[in-house]
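Data first, discussion second: the structure below is written as structure tokens.
Rule-based calculations on the coordinates, nothing more; no lab input. Note that the coordinates shown come from a computational prediction; the quantities given were computed from them, not determined experimentally. Note that each Cβ is placed from the backbone with ideal geometry, even for glycine, and that neighbours are counted across all protein chains shown.
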Amino acid sequence: MGTIKAWNFLKGYVIIKIEGLTLERFLNLAATNDIYLWDINRVDYTILEMKATIEGFRALKEIVNKVGCRVEIVEKRGLPFILYKLRYRKTLGIGFILFFAIIALLSSIIWDIEIIGNEKVKDEEILHLLKEEKIKEGIIKYRIDKDYVENLLLNEFDVFSFISVEIKGTKLIIEIKERDLPPEMIDEDIPTNIVAAKKGIIEKVIARNGKPKVRKGDVVEKGDVLISGIISDEFSENQILVHAEGEVFARTLYSYKVEEPIIKTIKEETGRVFERKEFKIGERGIQFIKGDIPFEDYVEETEEIKILNLDINLPFKILVHKYKEVETMEIKQDIELIKSSNHIKAVEELNKQLPLEVEIISKDVKHYVRDNVVTTYVIIEVIEDIGVKRPIN
């Protein structure tokens, strides 16, 4: 879509108004004759407004005469019309051409590198590797071989399973997917204990190798030995060290707390707006200030103005900051609705915490109303394997 807009701007186009009682026939004939019209807007029952290329507008004259409509040019847009206006103003024309040349130059350079999806490898490590290959901010984007960058990162970092390199405007975007690494495996020749990963009440012990140290009903804390890899020899005082194997299932608890005020403060817009414009390069910007913000309480919204309505990412931006006045109001919420909402939020968060292979055996929900706040506790009891291997020192 951005390419089409740029092409129409370079060729020039007109905004026209068609008036008459046969507008549908006019549109059908235009389509039949392959005349490109876009952004068609019905002003009222007898008037249409639309955009057309210069060639398309010339071709419309015969159709307009045939259907008995009237056509009027509302506005002329595009490079040809701008250059026509500048034909007697050479200095301004040269400046205009230089402006476009600078925009073209700046838009051909990578000004930002964005890395998405990496958690195990820091951005700095990836950027350092790219910099060694002379891929950094300031490089001409046409010199970047995307396939080479993908293979470079995949070969350097084993944890990466997929790399996507894309150039959007003046930004180089590297999207990464990392492998889910399995838990660290301990060699079977190394003696180990199986210890508790968390607090729980023992339900079942399955010891395939090693000596059980707990039984059903025992309460264990994190780090307690559940299956020992130290076995005493029946015929001597010597001890045998083994690699403990087995599962230890225990009852454990997961809990989550949600708080919500009964009387809630909200902010509502009054409709009054104050604006400031800003010219920004990178992280630095200059605001064109027209007085102080006339509101005590407000919310800010920022919009970017597109240069000449073209979808081109440039190293500079023109921003409009809108400061919208708001009034602070207090509303009283229904306590029962708060309890229900808190309950749903807590369960959603607990579902994120629960391992996949657990058996849920109970859920307890408690609500407390104190000091204008509804506090909800949700506690889920599960049975899970809490054993993890640890080498014997």
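Applying 1/(1 + (r/R0)^6) with r as the Cβ-Cβ distance of GLU359 and ILE335 and R0 = 30 angstrom yields a FRET efficiency of 0.35.
Take TYR298, TYR84 and order them by how many other Cβ atoms sit within 10 Å, fewest up front. Before the final figure, lay out each step's value.
Details: TYR298 18, TYR84 11.
So the ranking, lowest neighbour count to highest, is TYR84, TYR298.
Springs join every pair of Cα atoms under 10 Å in this Gaussian network model of the chain, and among SER341, SER108, SER232 the largest mean-square fluctuation is at SER232.
Less than 5 angstrom separates the built amide H of ILE392 from those of THR192, ASN193, all sequence-distant by 5 or more or on a different chain. Counting neighbouring beta carbons within 10 Å and listing from fewest to most, the residues LEU37, LEU241 come out as LEU241, LEU37. Helix 23-32 axis versus longest C-alpha principal axis of the chain: approximately 80°, rounded to the nearest ten.
Among HIS343, HIS243, rank each residue by its count of other Cβ atoms within 10 Å, from fewest to most, as a rough exposure measure. Fewest-to-most ranking of HIS343, HIS243: HIS343, HIS243. Modelled label positions at GLU237 and LYS66, each set 7 Å beyond Cα in the direction of Cβ, lie 11.4 nm from each other.
For the chain, the residue among ALA31, ILE16, VAL220 whose Cα projects farthest onto the positive side of the dipole built from Cβ charges is ILE16.
Note the angle between two axes, namely the Cα long axis of helix 123-132 and the longest principal axis of the Cα atoms of the chain, as a number of degrees from 0 to 90, rounded to the nearest 10. Helix 123-132 and the main axis of the chain meet at about 60 degrees.
Computed extension length for ILE73-GLU132: 15.6 nm, one decimal, from 0.36 nm per residue of separation with the Cα-Cα distance subtracted.
Nearest 500 deg cm²/dmol is fine: what mean residue ellipticity at 222 nm does the chain get from its DSSP H runs of n ≥ 4 alone, each adding -39,500 (n - 2.57), divided by its residue count?
Working: 8 runs with 98 residues, N = 393.
Rounded to the nearest 500, the figure is -8000 deg cm²/dmol.
When a/c reaches 1.5 or more, the comparison of a/b and b/c decides; with that in mind, is region 2-82 rounded, prolate or oblate per its Cα gyration tensor? Since a/c reaches 1.5 and a/b is larger than b/c, the shape of region 2-82 is classed as prolate.
What is the spin-label model distance, in nm, from SER161 to GLU300 if the labels are put 7 Å beyond Cα along the C-beta direction? The modelled label-to-label distance comes out at 4.1 nm. A simple spin-label model places the labels of ILE293 and ILE201 5.5 nm from each other, with each point 7 Å out along Cα-to-Cβ.
Going down the list LYS136/LYS277; LYS11/LYS168; LYS171/LYS322, which pairs span over 29 Å between their C-alpha atoms?
LYS136/LYS277
Restricting region 309-393 to GluC sites (Glu not before Pro) that sit in a DSSP loop and have at most 13 other Cβ atoms within 10 Å of their own Cβ leaves GLU357. Taking a point 7 Å from the Cα of LYS216 along the Cα-to-Cβ direction, the residues of region 356-393 with backbone N closer than 19 Å to it are 359-362, 382-387. Taken over the chain, the convex hull of the Cα atoms encloses 306 Å³ per residue. Bridging of LYS345 to aspartates and glutamates at a Cα separation below 12 Å is possible for GLU259, GLU260, once same-chain residues fewer than 8 apart are set aside.
Looking at this model, which pairs from LYS122/LYS257; LYS120/LYS141; LYS264/LYS317 are more than 30 angstrom apart at the alpha-carbon? Pairs exceeding 30 Å: LYS122/LYS257; LYS264/LYS317. Gain on full extension, evaluated as 0.36 nm per residue between ASP189 and TRP7 minus their Cα-Cα distance, stands at 58.5 nm.
Using Cα atoms only, what is the angle between the long axis of helix 54-67 and the major principal axis of the chain, expressed in degrees (0 to 90) to the nearest 10? Approximately 70 degrees, to the nearest 10.
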